[in-house]
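Data block below; observations after.
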Amino acid sequence: MAQRNITITMGEGAVTNAPQIISSQGIGSCVVVTIYDRFKKMGGMAHIMLPDSNSANGRGSPYHYADTAIVTLLGKLYSRGALLQDIVAKMAGGAQMFICSNGSGPGIGKQNISSVRRILGRERIPLSGEEVGGSYGRNVEFYLDSGKVIVTTAGKKEDVEL
Amino acid sequence: MSKNTQLFTEEQIDFLREMMNIGAGNAATALQQLLQCPIDLIIPRVHVLPAAQVSSILDNPASLVACVRMGMVGDIDGAMFFIVPEEYTKKLISIAEKAQLGISKLPGQKHEEGDFSAVVEIGNILSGVYLTAIHDFCGLNIYHTIPVLAIDMIQPLLDEALVKTSFQIQTAIAVENELVVEEHHIRTLLLIIPSPESIKPMIDALGQAKKAYGSA
């Protein structure tokens, strides 16, 4: 019996239950955030591209931006009966892929990481695992039956289980 | 809001293909001079597709590629990428070494990046040739900026170029360039990703050029 696998790409999100798996491939400066209710075995994942929706004047999908993505995932989970006390979050990504010279301050990867951290803090969601930064691409698989998040690379680093 | 990502019409795409094929002829000459050996350059395909789907062009989207990124400035802005899948990079580098191409390793430079300087030079030259072809056909003045190299899966390498305008679907023009050197077939990919503001000027210029050149 095959488990159904949902794949999301940049600027997308999904919410589902065990025993499904949500995955996303080819994550560079984007950050993938997972939010999981351990008791109800339901969760969501968002592939975030930018730190702050205020820069966009309301354009684009809510999953593009860290602030609106996390709030959207939480809204969906709460409406399905998830409880704040049972929720944990994990994140992966936020790399700086090219060593270069834009010069002006932290790259978009770092900004995404900070923004996700800040928004999760504001929403009082504990961050129980992270695999972020560096200069390599990542793939993420989120298992809804256990809450496990597996982060792989194309040979740049050993696989990490969050 | 329609999800129509096909910003270019079929006619415009055909015209792009014609331009790229002519660019290929010039590219082969330029590379022959660089690599000092006979080179054929085949363009099996020109794709126009959403930039977020570029990885689908590769046989294995999860595999490593060497990627040279350059900015585009001028009448069109955006980014260009020259991509060589890892399975072809060794051959390309050994051909370049025979021609004694590539800068010597700088102190502190990682071994693999020193070897790949030849890939950077080739990407630089190919980009220049294709931008010249675009200029000759459409009158657009586009310059590419300093190349930088990274080696990883293709989609993460494109991220930073795509994220700034993430609410708009960006279109990539992907030109497969197959270099035939002796018995080796080296498959490479050149991506041209105009910024969303540049799409309309590009389409307008293609339209003008078509009028000037007419249909065959």
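The values are calculated or read from the model by the stated rules, or taken from the named source; none is laboratory data. On a predicted model such as this, the values are computed, not experimentally measured, just so you know. Because the Cβ atoms are built from the backbone with ideal geometry, glycine has one as well, and the counts that use them run over all protein chains shown. Please note that ligands, DNA and RNA were not included when accessible areas were found on the heavy atoms of the full protein model with its side chains. Shrake-Rupley method; radii C 1.70, N 1.55, O 1.52, S 1.80 Å.
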(message) Please report Rg (one decimal) and Dmax (integer) in Å for the Cα set of the protein assembly as shown.
(response) 22.1, 69
(request) May I ask you to rank A:ASP145, A:ASP67, B:ASP159 by accessible area, largest first, using a 1.4 Å probe over the protein chains only? (result) A:ASP145, A:ASP67, B:ASP159
(request) Could you tell me how many degrees, from 0 to 90 and to the nearest 10, lie between the Cα long axis of helix A:66-79 and the main elongation axis, the longest principal axis, of the Cα atoms of chain A? (result) 0 degrees
(request) Only loop residues by DSSP count here, and only those with at most 10 other Cβ atoms within 10 Å; note down the GluC sites (Glu not before Pro) in segment A:77-162 that meet that. (result) A:GLU158
(message) Accessible area per residue for the protein assembly as shown in Å², computed with a 1.4 Å probe and the full protein assembly in place, what is it?
(response) 45 Å²
(request) Relative to the longest principal axis of the C-alpha atoms of chain B, give the angle of the C-alpha long axis of helix B:10-35, reported between 0 and 90° and rounded to the nearest 10°. (result) 20 degrees
(request) Would you rank B:LEU140, A:LEU84 by solvent-accessible area, highest first, keeping every protein chain in place and using a 1.4 Å probe? (result) A:LEU84, B:LEU140
(request) On a 0 to 90° scale, report how tilted helix B:86-98 is relative to the longest principal axis of chain B, with both axes built from alpha carbons and the result rounded to the nearest 10. (result) 60 degrees
(request) In Å and from the alpha-carbon atoms only, list the Rg and Dmax of segment B:1-90. (result) 15.5, 52
(request) For the protein assembly as shown, give the percent of accessible area contributed by carbon and sulfur heavy atoms, probe 1.4 Å, rounded to a whole number. (result) 51 percent
(message) From Cα pairs below 8 angstrom and at least 6 apart in sequence, can you work out the relative contact order of chain B, rounded to a whole percent?
(response) 33 percent
(request) For an R0 of 35 angstrom, estimate the FRET efficiency from the Cβ-Cβ distance between B:VAL73 and B:HIS184 and round to the nearest 0.05. (result) 0.55
(message) Tell me the relative contact order for chain A as a rounded percent, counting alpha carbon contacts under 8 Å between residues six or more apart.
(response) 27 percent
(request) Ignoring ligands, DNA and RNA and using a 1.4 Å probe, state the total buried accessible area between B and A in Å², rounded to the nearest 100. (result) 2000 Å²
(request) Can you send over the solvent-accessible area of A:LYS41, 1.4 Å probe, protein chains only, in Å² to the nearest 10? (result) 80 Å²
(message) Heavy atoms only, 1.4 Å probe, whole protein assembly: order A:LYS110, A:LYS157 by accessible area, highest first.
(response) A:LYS110, A:LYS157
(message) Please report the net charge: other residues with Cβ closer than 15 Å to the Cβ of A:VAL116, K and R +1, D and E -1.
(response) +2
(message) Give me the residues in segment B:158-199 whose solvent-accessible area, probe 1.4 Å, is reduced by at least 10 Å² once all protein chains are included instead of the chain isolated.
(response) B:ASP159, B:GLU160, B:LEU162, B:VAL163, B:LYS164, B:SER166, B:PHE167
